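Notes to accompany the following structure.
The values are calculated or read from the model by the stated rules, or taken from the named source; none is laboratory data. Since this is a predicted model, take the numbers as computed values, not measurements. Neighbour counts run over all protein chains shown; Cβ positions are idealised from the backbone, glycine included. Note: accessible area is taken over every heavy atom of the protein model, side chains too, but ligands, DNA and RNA are not part of it. Shrake-Rupley method; radii C 1.70, N 1.55, O 1.52, S 1.80 Å.
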Amino acid sequence: MTDLRRSDRMDETLRAAFAPEVLVIIDDSARHAGHAGAGPAGETHYDVTIVSARFEGMSRVARSRLVHEVLADEFTTGLHALALALRTPDEARRLTAAGAGA
Amino acid sequence: MADTIQQRIQNQIDANPVMLFMKGDAMFPQCGFSARVVQILNHSGVPFTTANVLEDPELRDGIKSFSNWPTIPQLYVKGEFVGGCDIVTEMFQSGELETLLADKGIATKAA
């Protein structure tokens, strides 16, 4: 399974760990091509949104640390930047309601 | 015994009420995520100190283990870890960052 793309591996790992209502993984590596940390093969910069009940009662820092921990193997194999939006289902619904005016 | 990197970091966050570990410096950030946090702190009008991890490989690794946080930038306020770019941005947008800075007694620069 090691020849899976990183985004596919992350998708599997995050689904198993968080049973997310929403999981969006965007590979943002191309936009960072040429930076330090951006390897020639890409797969270094990601933008991840997770909506999961597992985040209930957790601070922002604690949520991110949990995701970092779950993805520790990816960080040791070249994952360089991970932008995270981590919400509980309640928070996600409130944000959607707020954005759905008009 | 010589100061360990962990001790050096502790001294930095103790000595500087708003301490940003980043790539580049406030004038010339060398990463978009670091640049965004600098922009937010400038906008908030608080004085802050930066350390450039690109000039110090020991610091670059050391801060990751010190904070148990794998990415740069990292913001500390009054010795307390606030977060990286995403968290600082979210807190700025929701007004929580301003509240945190005020609660911690960080005075904004005179207008």
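Over chain A, the hull volume per residue, using the convex hull of the C-alpha atoms, is 114 Å³. Entry note, chain A: the mean residue ellipticity at 222 nm calculated from DSSP H runs of n ≥ 4, each adding -39500 (n - 2.57), is -11500 deg cm²/dmol after division by the residues and rounding to the nearest 500.
Going 7 Å from the Cα of A:Met58 in the Cα-to-Cβ direction, what parts of the stretch A:68-101 have a backbone nitrogen less than 16 Å from that spot? Under cut-off, by backbone N: A:68-73, A:83-92. Shown for the stretch A:6-99: the carbon plus sulfur share of the solvent-accessible area, taken with all protein chains present and a 1.4 angstrom probe, equals 52%.
Per-residue accessible area (protein heavy atoms, 1.4 Å probe) orders A:Met58, B:Met91, B:Met22 as A:Met58, B:Met91, B:Met22, starting from the largest.
Per residue of chain B, the DSSP helices (runs of n ≥ 4 H) give a summed -39500 (n - 2.57) that works out to -14500 deg cm²/dmol at 222 nm. Using the Cβ-Cβ distance between B:Leu54 and A:Ala97 with R0 = 35 Å, the FRET efficiency computed as 1/(1 + (r/R0)^6) comes to roughly 0.25. Taking chain B as a Gaussian network, where each spring joins two C-alpha atoms under 10 Å apart, which residue of B:Ala35, B:Ala15, B:Ala26 fluctuates the most? Evaluated over chain B, the most mobile residue of the options is B:Ala15.
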